[in-house]
Amino acid sequence: MWKAKTLSFSGRMTLAKSVLGNLPTFYFSLFATPIGVIEELEKIQRQFIWGGGAEKAKVHWVNWEKMTAPKEVGGAGLGSLRNLNLALLAKGWWKFKSRPQSFWAQIIIGIHNHTNRPWYCFSKHKVSGS
């Protein structure tokens, strides 16, 4: 893994946003991710950005909500992993509802066999740990 102390703060921000923020994208588009997993991923991001690690904690000079807020409203623009997860799930739901005859939708219906309740496969109740 990269050594946080060898990069500038801007370099760590760029790396955290481009790599650590995008690694779970495919998983986020398929499953409602448990809060504990999201918190752990954000903890890794925070430690990397502030230059700390498991052996040494660093002071966090800016509130995490400010770091994840969009740049347009004065934040750092990292983005919330929870919001990313919800947005990707909503996009999948929209694609499913807007094109029910698509190949993808037919596969979902076929796998889950919920032709009368196709939304059930997207239900939060089916996800363990959330």
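Some observations on this one:
- Segment 21-45, subset among the small types (G, A, S) and within 15 Å of L89 (Cα to Cα), residue surrounded by the most Cβ atoms within 10 Å (Cβ to Cβ): A32
A quick yes/no check of all residues on (1) at pLDDT 80 or above; (2) more than 20 Å from L20 (Cα to Cα); (3) assigned to a loop (DSSP other than H, G, I, E, B):
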| position | (1), (2), (3) |
| --- | --- |
| G53 | no, no, yes |
| G79 | yes, no, yes |
| R82 | yes, no, no |
| Q101 | yes, yes, yes |
| A105 | yes, yes, no |
| I111 | no, yes, no |
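Matching residues to (1) assigned to a loop (DSSP other than H, G, I, E, B); (2) modelled with pLDDT under 85:
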position: R12; (1), (2): no, yes
position: K17; (1), (2): no, yes
position: N22; (1), (2): yes, yes
position: I38; (1), (2): no, no
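The values are calculated or read from the model by the stated rules, or taken from the named source; none is laboratory data. Treat the numbers as computed from the prediction; the structure is a model and nothing was measured. Positions of Cβ are generated from backbone atoms using ideal geometry, with glycine treated the same way; all protein chains shown enter the neighbour counts.
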